[in-house]
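The values are calculated or read from the model by the stated rules, or taken from the named source; none is laboratory data. Only a predicted model underlies this, so the values are computations on that prediction, with no experimental measurement involved. Just so you know, the surface numbers come from the protein's heavy atoms only, side chains and all, with ligands and any DNA or RNA stripped out. Shrake-Rupley method; radii C 1.70, N 1.55, O 1.52, S 1.80 Å.
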Amino acid sequence: MSAKTSWTREWLKRLRAEHRWMLLAAGLAAAVTTGGSVLLLGLSGGFIAGAAVAGAGGVAAVTAFNYLLPSAGIRALAIVRTAGRYGERLASHTAALEAMAALRAGLFQRLVSAPPEAAMAVSNGQASARLV
């Protein structure tokens, strides 16, 4: 394994360790979003089926059908799903962008601290591609 490869692997391990908590928060928010979505699908499907049965059952069934609690649950689960998506995107994008910023700074520092012969051997396009 070359020195370049081992440096890169160590650097990526360190970045992963630094942003572990943010990535775990993103995973937790994604799990909340998934759970909210599944519950929302089940509740709304049951609500639609119950309304259809109550409608077919006649006036007494329609009068006895409770539409307030399921509709409140649907709204609450929609809010949970939306908040979960927001939290997941916020956490995952924060972790990714901070890691990329640190990686760029590290690559630039490595390029600048290289011996002049090695630094001059890299063309402007290669240096730009490495930083991007």
*Which whole-number value in Å² is the accessible area per residue of the chain, probe 1.4 Å?*
71 Å²
*Taking only Cα atoms, what is the 0 to 90° angle, nearest 10, from helix 20-56's long axis to the longest principal axis of the chain?*
20 degrees
*Go from 0 up to the bin containing the longest alpha carbon distance in the chain, width 10 Å each, and give me the % of pairs per bin.*
11, 24, 18, 14, 12, 9, 7, 4, 1
_Probe radius 1.4 Å, ligands and nucleic acids ignored: give me the carbon and sulfur share of the accessible area of the chain as a rounded percent._
69 percent
_Explain nothing, just the number: relative contact order of the chain, from Cα pairs under 8 Å at least 6 residues apart, as a whole percent._
35 percent
_At 0.36 nm per residue, and after removing the present C-alpha to C-alpha distance, how many nm does the segment from Leu69 to Trp11 gain when stretched out fully?_
15.6 nm
*Hey, what's the Kirkwood Rh for region 50-101 if you take every pair of different alpha carbons, in angstrom?*
14.1 Å
_Area accessible to solvent at Val62, 1.4 Å probe radius, in Å²_ = 80 Å²
*asked:* Residue by residue through region 94-106, what is 3J(HN,Hα) from phi via Karplus (6.51 cos²θ - 1.76 cosθ + 1.60, θ = phi - 60°)? Round to whole Hz and write x for glycine and proline.
replied: 4, 4, 5, 5, 5, 5, 5, 5, 5, 5, 4, 4, x
